[in-house]
Protein chains: 2
Amino acid sequence: MAVDREQVLRAAASLLMRKSSATMDEVARAAGISRATLNRQFAGRDALVRALEELGIAECEAAAERAAVDDGPAPDAVRRLVLELEPAAGLLAFLYSENQLFEGEELNEGWARLDARMVALFRRGQEAGEFRIDLSPVWLTEALYGLLVSAAWAICEGRVAPKDFSSNVTELLLGGAVRREK
Amino acid sequence: MAVDREQVLRAAASLLMRKSSATMDEVARAAGISRATLNRQFAGRDALVRALEELGIAECEAAAERAAVDDGPAPDAVRRLVLELEPAAGLLAFLYSENQLFEGEELNEGWARLDARMVALFRRGQEAGEFRIDLSPVWLTEALYGLLVSAAWAICEGRVAPKDFSSNVTELLLGGAVRREK
DNA sequence: ACTCGATGAGACACCACTGTCTCATTTGAG
DNA sequence: CTCAAATGAGACAGTGGTGTCTCATCGAGT
């Protein structure tokens, strides 16, 4: 009987990704519960969004863990990371558009941890001579987020095939659009 | 005396990029006019957003025109395009997060025109052997938008230097992150 | 069968934002 | 200067979403 909190969060994320202005009533309906129950679990819209933020951070950190981003060649680590991040891309896309979170000058320190991890990954690749040094690790991190969001959106809109998600992001991020002579 | 309509739109875009949920009153204040005047020029928030959309499309098309995206090598055309698109990146970032526009299943045909133009550019590059063919033109177009928005955001947040805007976007989109042997 | 906790449905007041109105003031042209 | 148009400030009700409440129902464990 007890509502599965995480399942509610996933339904909310799935809906809010497509319609960020969805009503609490719509969210509840999408999760298959009543508005009353939704409010019992999350005290207000803010709390729901915060919970989604926490979930997003947790999923990203879990993905980074599974991908073992600190091991092996950096390009391979990026490939593994994107692969593991794919299931969280939709949630990430929602949080990305929710700039309200960062408006309150009080951004969750989880993002800082994640950013630091990503930046370290790209910096490691640069120091190993695998990544070019004229693109800052910070920008590469931002670009990774941007590409993940773009890919999630494009798939959601049906513009690109879901199966191409990770290869699209990885190949563009690492190799770029220009044809390379081997 | 007559309020400069375009100036109002720019102020609105500048504010809404940072706070997409800004009140009409906040928008008016940011534009240096009263709410009454704002409502006299744009009949409601929808009209304002639509006007911003039109402005964004017009700026992108003007940029594509100035960049002469159909002339010369495709990679150079992309470089010129990004360069010309830089002033519109902020507005683009706002519109990008305003998925409401596309929610109403009635997307402005201007976007379709722009998309077609971008897709044609990337396809041209592929057919000339300049771009790799394992990344679809549609995805490259989406990625270009995503990188533009990411760069605009990163600069707005102070994470990357404004002067690196075009090189960051262009170099990553065309060359990727991996170091290349010349 | 009983009971207790959780849920759904609905009602309710509250609040912020919106759109519109009025009126005094300002601006610019003739 | 004079006047008409535009603007700013404020008031006003309407609206949609929110948070809270009550009450009936449901379901699982005893």
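No lab work stands behind these numbers, since they all come straight from the coordinates. It should be emphasised that the depicted structure is a prediction, and the values quoted were computed from it without experimental measurement. We place every Cβ from the backbone using ideal geometry, glycine too, and count neighbours over all the protein chains shown.
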ask   = In nm, what does the list of distances from A:ALA112 to its counterparts in the other copies look like, shortest first, when each label sits 7 Å along Cα to Cβ?
value = 4.8
key: Net charge of Cβ neighbours under 9 Å - reference B:VAL138; Lys, Arg +1; Asp, Glu -1   = -1
task = Could you check which residue among A:GLU127, A:GLU61, A:GLU53 shows the biggest mean-square fluctuation in a GNM of chain A with a 10 Å Cα cutoff?
result = A:GLU127
note = By the C-alpha gyration tensor axes a ≥ b ≥ c (rounded if a/c is under 1.5, else prolate when a/b exceeds b/c, else oblate), the shape of the protein assembly as shown is oblate
Value of relative contact order over chain B, rounded to a whole percent, pairs C-alpha under 8 Å and six or more apart = 20 percent
Inter-copy label distances at A:ASP46 (7 Å, Cα→Cβ; nm, one decimal) = 3.1
message = If each label sits 7 angstrom from Cα along the C-beta direction, how far apart, in nm, is B:PRO87 from its counterparts in the other copies?
response = 4.7
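So between A:GLU6 and A:ARG45, what do we pick up on full extension, going 0.36 nm a residue minus the alpha carbon distance?
Numbers: separation 39, 0.36 × 39 = 14.04 nm, distance 1.59 nm.
Extending this stretch completely gives an extra 12.4 nm.
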task = Could you tell me how many degrees, from 0 to 90 and to the nearest 10, lie between the Cα long axis of helix B:137-156 and the main elongation axis, the longest principal axis, of the Cα atoms of chain B?
result = 50 degrees
ask   = Could you give the angle, 0 to 90 degrees to the nearest 10, between helix A:5-18's Cα long axis and the longest principal axis of the Cα atoms of chain A?
value = 70 degrees
note = Taking a straight Cα-to-Cα line shorter than 14 Å from A:LYS19, and setting aside same-chain aspartates and glutamates fewer than 8 residues away, one finds A:GLU98, A:GLU157, B:GLU98, B:GLU103, B:GLU105
query = With a ≥ b ≥ c the root eigenvalues of the C-alpha gyration tensor of segment B:49-160, is it rounded (a/c under 1.5), prolate (a/b larger than b/c) or oblate?
reply = prolate
ask   = What is the dipole size for segment B:1-113, taken about its Cα centre, with +1 at each Lys and Arg Cβ and -1 at each Asp and Glu Cβ, in debye to the nearest 20?
value = 620 debye
remark   = For chain A, longest principal axis from Cα atoms; helix A:109-127 axis from its Cα atoms; angle between them, nearest 10 degrees, is 10 degrees
Summed residue charge, Cβ within 10 Å of B:ARG159's Cβ, Lys/Arg positive, Asp/Glu negative = -3
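Compute the signed sum of charges (Lys and Arg +1, Asp and Glu -1) over the other residues within less than 10 Å, Cβ to Cβ, of A:ALA63.
Values: positive: A:ARG66, A:ARG80; negative: A:GLU59, A:GLU61, A:GLU65, A:GLU84, A:GLU86.
Result for the neighbourhood of A:ALA63: -3.
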inquiry  = On a straight-distance basis, which aspartates and glutamates could pair with A:LYS163 in a cross-link, Cα separation under 20 angstrom, same-chain partners fewer than 8 positions away excluded?
reply    = A:ASP76, A:GLU84, A:GLU86, A:GLU171, B:ASP134, B:GLU142
